[in-house]
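S.K.: Quick one: structure below, then a few questions.
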Amino acid sequence: MYPVSRHRRRLELRELVLGDVAAVHAIYGSATATEHLSFEARTLDQVTQIVARSMASATAEPRTEYALAVVQQGTGDLIGFGRLATDPHQQRGATFGFALRPDTWGIGYGLETVHLLLDLAFEELHLHRVWGARSPLNEASAKTMTAAGMVEEGIIRAHVQKAGQWRDSIVHAILYDEWAARRPT
């Protein structure tokens, strides 16, 4: 499926373009924004490569990764990055993740981003299960995923190595039937 374009009240998902590198770097290059992610802040060169790879994967057949810009409706400002990746080891399943620019935190954009990604997963891709992992210290992400109807399933021990230390991850997931029963508008 290409191109992806999904809208909600304040935000939309769209395909990445090379012109997005600086805006993505404002997220992936920020120590604050990446504090709870699985990687350290990225350099501008690394972000350029990520955006280029994401653009190339967008037209792959079959498409297995949806790395998308999260933009404000009206202004078109890129404020986040969302990703769905189908899981070859799980029938009709995918992992997901998202990151927002720190100056946009605390006003519901995270929840709206998760809703957009789940809408894409279940309405367009017809998936059965979507799951994501978070840092145990990322309470904001826990609240966001719970508010979106995702269930905390458990801990993946020593899942991520960051700054030379192993860190656990907490898994949250949602099934199609759960999403459909409470589908947000």
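S.K.: Label Ala180 and His159 with points 7 Å out from Cα along Cα→Cβ: what is the distance between them in nm?
M.R.: Each label point lies 7 Å from its Cα, and together they span 2.7 nm.
S.K.: Excluding ligands, DNA and RNA, what is the solvent-accessible area per residue of the stretch 1-133 at a probe of 1.4 Å, expressed in Å²?
M.R.: Ligands and nucleic acids excluded, the result is 47 Å² per residue.
S.K.: Then there is this: Using the Cα atoms as the points, what is the convex hull volume per residue of the chain in Å³?
M.R.: 115
S.K.: By how many nm would the segment from Thr48 to Arg92 grow when fully extended, if each residue of separation counts as 0.36 nm and the alpha-carbon distance is taken off?
M.R.: Result: 12.8 nm gained on full extension.
S.K.: Modelled label-to-label distance, Arg63 and Glu152, 7 Å Cα→beta-carbon offset: nm?
M.R.: 3.4
S.K.: Restricting to DSSP loop positions (anything but H, G, I, E, B) with no more than 16 other Cβ atoms inside 10 Å of their own Cβ, which chymotrypsin sites (Phe, Trp or Tyr not before Pro) remain in the stretch 1-77?
M.R.: Sites meeting the loop and neighbour criteria: Phe39.
S.K.: Return the loop-located chymotrypsin sites (Phe, Trp or Tyr not before Pro) in the stretch 99-154 (DSSP other than H, G, I, E, B) with at most 15 other Cβ atoms within 10 Å of their own Cβ; answer none if there are none.
M.R.: Trp105
S.K.: Projected onto the charge dipole of the stretch 96-141 (+1 at Lys/Arg Cβ, -1 at Asp/Glu Cβ, origin at the Cα centre), which of Thr104, Leu117, Val130 gives the Cα projection farthest towards the positive end?
M.R.: Projecting each Cα onto the dipole axis, the largest value belongs to Val130.
S.K.: Using the Cα centre of the stretch 4-90 as the reference point, and only Cβ charges (+1 on K/R, -1 on D/E), how large is the resulting charge dipole? Debye, rounded to the nearest 20.
M.R.: With Lys and Arg at +1 and Asp and Glu at -1, about 340 debye.
S.K.: When the accessible area of the stretch 82-154 is computed with all protein chains present and a 1.4 Å probe, what percentage of it is carbon and sulfur?
M.R.: Looking at the stretch 82-154 in its full context, I get 54 percent from C and S.
S.K.: Net charge around Ile170, counting only other residues with Cβ within less than 9 Å of its Cβ (Lys, Arg = +1; Asp, Glu = -1)?
M.R.: -2
S.K.: Let me ask another. Dipole of the stretch 55-141 (Lys/Arg Cβ +1, Asp/Glu Cβ -1, origin at the Cα centre): which of Gln90, Ala140, Thr75 lies farthest to the positive side?
M.R.: Of Gln90, Ala140, Thr75, it is Gln90.
The values are calculated or read from the model by the stated rules, or taken from the named source; none is laboratory data. Fair warning: this is a prediction, and the values are worked out from it, not measured in the lab. Glycine also receives a Cβ, built like all others from the backbone with ideal geometry; neighbour counts cover every protein chain displayed. With ligands, DNA and RNA removed, areas are computed over all heavy atoms of the protein, side chains included. Shrake-Rupley method; radii C 1.70, N 1.55, O 1.52, S 1.80 Å.
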